[in-house]
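**Q** This is the structure I want to talk about, given as structure tokens.
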Amino acid sequence: MKTEPFVIERTFNAPINIVWRAITNKEEMKQWYFDLAEFKPVVGFEFSFTGENEGRRYVHLCKIIEVIEGEKLSHTWRYEGYEGNSILTFELFAEGDKTRLRLTHEGLETFPNQPDFAKSSFEMGWTSIIGTSLKNYLEKTPGT
């Protein structure tokens, strides 16, 4: 059964090059996303990170599958020891001096049928990460 992908869009008060750097530079990513040991926006690059939910730890295994500099970044997203494979895509659109980001997470229905992998769980997570963490990171006042 194929379900609709989860999509979230937010517009940030930051130019596209700043947003691109925030989603592709591991030093910046650890300030709003996850602390990645290594990350390169290069097709074929593989990376992993650990996420936790209420004491349960999940190792995320990812591989970059598409990069259009300044516009689009896609990578696979799966969990070590669990079935399923999904694709996460960040797309950036310049809107004057602002940037609209569209995040699409497809293939969520391939994960095990348990609460941590429910679409609502991803919805809550991405809304917090993109809607709050990334927004606060990009729009922080200089000097804070």
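Readers should treat all values here as calculations from the given coordinates under stated rules, not as data from a laboratory. Remember, it's a predicted structure, so these values are computed and weren't measured experimentally. Cβ atoms come from the backbone with ideal geometry, glycine included; neighbour counts cover every protein chain shown.
**Q** Where a ≥ b ≥ c are the square roots of the eigenvalues of the C-alpha gyration tensor, would you call the chain rounded, which needs a/c under 1.5, or, failing that, prolate if a/b is larger than b/c, or oblate? Numbers along the way, then the final one.
**A** Values: a/c = 1.55, a/b = 1.54, b/c = 1.01.
Verdict is prolate for the chain.
**Q** Full extension from I18 to S133: what is 0.36 nm times the residue separation minus their Cα-Cα distance, to one decimal in nm?
**A** Length gained, I18 through S133: 39.9 nm.
**Q** Compute the acute angle (0 to 90°) between the alpha-carbon long axis of helix 119-128 and the principal axis of greatest extent of the alpha-carbon atoms of the chain; round to the nearest 10°.
**A** 20 degrees
**Q** Taking 0.36 nm per residue of sequence separation and subtracting the Cα-Cα distance, how much length would be gained by fully extending the chain between S48 and K63, in nm to one decimal?
**A** The S48-K63 span can extend by a further 4.5 nm.
**Q** Rank by packing, highest mean first: peptides 80-92, 35-47, with packing defined as the count of other Cβ atoms within 10 Å averaged across residues.
**A** 80-92, 35-47
**Q** Give me the dipole magnitude in Debye, nearest 20, for the stretch 6-138 about the Cα centre, with unit charges on the beta carbon: positive for Lys and Arg, negative for Asp and Glu.
**A** Dipole of the stretch 6-138, to the nearest 20 debye: 200 debye.
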